[in-house]
Amino acid sequence: MKGLYVGIDNGISGAVTVLNQEGAITSSFTLPSTRGRAYNELDVRTFHKLMYDGGLCRDTVKAVVVEAPGGSQSAAAAVVMSGVFHALRAYLDLFQFRWERVTPQAWQKVLLGANIPKGTTKALALDAARRLWPVEKFLATDRSKVPHEGIVDAALIAEYGRRFLRL
């Protein structure tokens, strides 16, 4: 399938969601991690396997949108998010994907609205995602019962790219 849009919610509990040109979700997965020296890191080999097995390559993907680091709750989270972002950036460049970074504020303003009250972003994102994809469950695994925030955000990031990026 050509013309896929891939949204990546950056961070160690982040995720990837793939949309087709019509905006339907075709697949989702959480970012794989491995234990590093001091922090968890992106497991790039497993990430590559998930991308490859999912048929995601520069010939099938129109655009990859990666959430830029920012808004971390702690210094440790900021370090991890930055490391994951740069590992993703290196992977996407190495495999010649067309990609863009987007700040959380940019996609949230467009898809969730301006003037988001503090502490309501995740609930608003889930509401917006459920309106766009009413049958989607946004679960990380078959055994999960609660929508995965990273998958929800990755879907909205992919939708932002589908609507607004002209690559």
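The values are calculated or read from the model by the stated rules, or taken from the named source; none is laboratory data. Note that this is a predicted model, so its numbers are computed, not measured. Reconstructed Cβ throughout: ideal geometry from the backbone, glycine too, with neighbour counts over all protein chains shown. SASA here: full protein model, heavy atoms, side chains in, ligands and nucleic acids out. Shrake-Rupley method; radii C 1.70, N 1.55, O 1.52, S 1.80 Å.
Some observations on this one:
- Against the test of being within 14 Å of the chain's Cα centre (by Cα), over 23 Å from residue 119 (Cβ atoms) and free of Cβ contacts under 8 Å to residues at least 40 places away in the same chain, the options 42, 88, 92, 4 yield a single qualifying residue, 92.
- Within segment 30-51, the residues that satisfy the criterion of being more than 17 Å from residue 66 (Cα to Cα) and in a helix (DSSP H, G or I) are 45, 46, 49.
- Meets criteria (out of contact with any helix residue (DSSP H, G or I) (no Cβ under 6 Å at 6 or more places or on another chain), of a type in the set (D, E, K, R) and at negative phi) for residue 137: yes
- Exactly one residue out of 16, 44 is buried (at least 20 other Cβ atoms within 10 Å of the Cβ), closer than 20 Å to residue 90 by Cα and modelled with pLDDT of 95 or more, and it is 16.
- Of all residues in segment 157-167 being part of a helix (DSSP H, G or I) and of a type in the set (A, V, I, L, M), the one that is surrounded by the most Cβ atoms within 10 Å (Cβ to Cβ): 157
- Some residue of segment 97-105 being over 25 Å from residue 124 (Cα atoms), touching a residue at least 40 places away in the same chain (Cβ under 8 Å) and exposed (fewer than 15 other Cβ atoms within 10 Å of the Cβ): yes
- On the stretch given as segment 25-34, residues that are over 19 Å from residue 90 (Cα atoms) and either surrounded by 19 or more Cβ atoms within 10 Å (Cβ to Cβ) or touching a residue at least 40 places away in the same chain (Cβ under 8 Å) (or both) total 3.
- Candidate set: segment 141-156, residues that are more than 9 Å from residue 17 (Cβ to Cβ) and touching a helix residue (DSSP H, G or I) at 6+ places or on another chain (Cβ under 8 Å); chosen: the one most open to solvent (accessible area, probe 1.4 Å): 149
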